[in-house]
Amino acid sequence: MSNRVPLPAGSTLGKSFEYGIDINLGTAGSPQWQPLRRMSAFAPTFPPTTGDTATYDDLGAPSEDVTGRSFAASFTVQANRSLTTGLYLPEVEVLLAAGRAKGNAALVDMRFYHKPETGAPNPNDAGRATTRVEVSRPNTGNAETEVFAITLTGRGEYTPIVNPFAGWGATVPQISFIGPPAADEGTLITINGSGFLDATEVSFDSVSLSADDYMIVNGSSIVLQVPAGVEGTVPVTVTSAAGTSNEYSYERGA
């Protein structure tokens with residue numbers, strides 16, 4: 001007879017592969033989150049910074065407080081590449097470029113999160129960090145799969161975030177076209193693309209629109225009036241629980 005205490009009803013044992021990483025292909029203010037594909041061996045840590053708080057009351061024993069925590073991680077990623085261009089996947093290209101650069105070009109904006117096979121994701125097990133990148137190539141045999149070993153070292157404190165994972169099969173929005181082009185203020189325009197059905201935010205010229213200012217027609221169409229602003233090219237994005245779309249450059253009229 002087992003002495004093991006049974007798990008609570010409705011619970012499950014976690015799996016080692018239930019984590020995801022996204023790499024920001026956009027900017028800090030208008031992120032374009034690209035999931036890191038073909039990843040393995042994700043090992044995050046949260047290195048502490050401590051300060052000495054010892055007093056006579058500690059009787060000579062050490063006493064330190066944690067004054068801050070950064071983020072660090074290591075993982076491997078397979079080196080899938082295009083037969084046409086020779087390039088690796090875009091998120092891998094960003095990591096490789098940062099791993100060979102210096103200054104701000106050596107930094108990558110990333111986020112990690114719990115990504116369960118079944119059930120709800122842990123809402124608290126997620127964070128965002130600016131990290132320095134180091135890259136090595138561990139598979140050097142004569143007939144091995146091409147793999148890159150990545151080490152991330154946080155710059156400054158990491159930021160806890162709400163878990164962005166919306167479940168398997170969730171689609172990050174993508175904008176393919178906005179028309180008519182060069183529309184004036186107040187003109188009705190349509191954002192065309194995919195993954196719009198569960199959109200939670202539309203950003204026009206880096207300003208988040210009120211839910212009353214746009215209408216989700218279906219999974220591929222959102223209708224809104226051109227907001228007031230200066231004539232010229234402005235960025236437009238659509239966000240859902242699965243992530244933020246590509247940044248589409250729209251030409252606003254007078």
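The values are calculated or read from the model by the stated rules, or taken from the named source; none is laboratory data. All values reported here derive from a predicted model rather than from experimental measurement. For neighbour counting, all protein chains shown are included, and Cβ atoms are generated from backbone atoms with ideal geometry for every residue, glycine included.
Of all the residues that make up region 153-195, how many are crowded, with 19+ Cβ neighbours inside 10 Å, over 18 Å from ALA254 (Cα atoms) and over 20 Å from the mean Cα position of the chain (by Cα)?
2
Name the residues in region 23-50 that are touching an Asp or Glu at 6+ places or on another chain (Cβ under 8 Å) and of a type outside the set (Ser, Thr, Tyr), would you?
ILE23, ASN24, LEU25, GLY26, ALA28, PRO31, GLN32, TRP33, GLN34, PRO35, LEU36, ARG37
Is there a residue in region 104-117 that is aliphatic (A, V, I, L, M), in a helix (DSSP H, G or I) and out of contact with any Ser or Thr (no Cβ under 6 Å at 6 or more places or on another chain)?
Scanning region 104-117 turns up at least one residue that is aliphatic (A, V, I, L, M), in a helix (DSSP H, G or I) and out of contact with any Ser or Thr (no Cβ under 6 Å at 6 or more places or on another chain).
All but one of (1) of a type outside the set (Lys, Arg); (2) at negative phi; (3) touching a Lys or Arg at 6+ places or on another chain (Cβ under 9 Å) hold for ALA182; which doesn't?
So ALA182 meets the others, but not (2).
For GLU117, only one of the following conditions fails: (1) over 21 Å from PHE46 (Cα atoms); (2) among the charged types (D, E, K, R); (3) in contact with a strand residue (DSSP E or B) (Cβ under 6 Å, 6 or more places away or on another chain). What is its number?
(3)
Filter region 88-140 down to residues that are more than 18 Å from the chain's Cα centre (by Cα) and of a type in the set (D, E, K, R) and give me whichever is modelled with the lowest pLDDT.
Only one residue fits best here, namely GLU117.
What are the residues in region 52-76 that are assigned to a strand (DSSP E or B) and under 24 Å from PRO160 (Cα atoms), if any?
The answer is GLU64, ASP65, VAL66, THR67, GLY68, ARG69, ALA72, ALA73, SER74, PHE75, THR76.
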